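The values are calculated or read from the model by the stated rules, or taken from the named source; none is laboratory data. Not measured: the values here are computed from a predicted model. Every residue, glycine among them, receives a Cβ derived from its backbone with ideal geometry; neighbour counts consider all protein chains shown.
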Amino acid sequence: MTLWDTRPMSDQPLDLSRTWTEAEYLALGELDIRTELVDGKILVSPSPSFAHQNISRYLANALEPAAWTVGLVVAEAVDVRIGEGTIVCPDVIVGKFSWERGANDAADTVLVVEVTSPSNAGWDRSGKMERYAAARIPWYLLAEPGKPDLRTVSLRLLRLDGTHYRTHAFAGPDEVLTSDEPFPINIHARKLIRPSA
């Protein structure tokens, strides 16, 4: 079995107390739960909220046309290997990916997008950000829904500068995030929020 083989390993419950290899993790295949592998440990997260998923989808839709013109692919909620024993599932990734099954590699990732949730905001702003920087992913877009009702969103585009990210562009809830890099970006933050029915 290769590292990239994603055939189901078993129907047994996940043992979250043990250390997993990347091959074992990928052999689990598609699961009915949201998981990531961090330093050999499987982390299980609750499903994202309706608002979170819609912001993620609208961001992917907004990024795709310009990314496509420069030969990049946009994908939502797919695995990226960012280090030994660490495979995460960002909300959106942009890069040079193929249709092959398995985890994508950080080296092929140009931009990673995370939409913060009340339960993971600190992880997205620090721990995960540091890991993306260590993996040398050149761009990081952080979307932060306003609390408590998630009716606004702010956007922060960060560029890798040495070993840390620095803010390249920012848009508040009623502003437009614009940048010429890593490809033309023009996203009105207000358009990421849709009124509920």
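Quick one: which of ALA107, ALA133 is in contact with a His (Cβ under 8 Å, 6 or more places away or on another chain) and over 26 Å from ARG190 (Cβ atoms)? Outline the logic, then answer.
Details: ALA107 fails: in contact with a His (Cβ under 8 Å, 6 or more places away or on another chain).
Just a single option satisfies the conditions, and that option is ALA133.
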- request: Select from the range 174-195 the residues that are more than 19 Å from the chain's Cα centre (by Cα) and small (Gly, Ala, Ser) and list them in ascending order.
  value: SER179
task: Determine whether ASP174 is at pLDDT below 95 and among the acidic types (Asp, Glu).
output: yes
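For a quick check of your reading: which strands (runs of 3 or more DSSP E) sit entirely within the range 124-197 and have at least 2 residues that are out of contact with any Asp or Glu (no Cβ under 8 Å at 6 or more places or on another chain) and over 21 Å from TYR58 (Cα atoms)? Before you say what the answer is, go through the steps one by one.
Details: elements: 139-145, 153-161, 164-171, 176-179, 185-188.
Output list reads 153-161, 164-171.
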field: the range 154-167 - residue that is touching a residue at least 24 places away in the same chain (Cβ under 8 Å) and crowded, with 16+ Cβ neighbours inside 10 Å and, of those, farthest from ASP108 (Cα to Cα)
entry: SER154
statement: Inside the range 128-153, the number of residues satisfying the requirement of being modelled with pLDDT of 95 or more and surrounded by fewer than 22 Cβ atoms within 10 Å (Cβ to Cβ) is 5
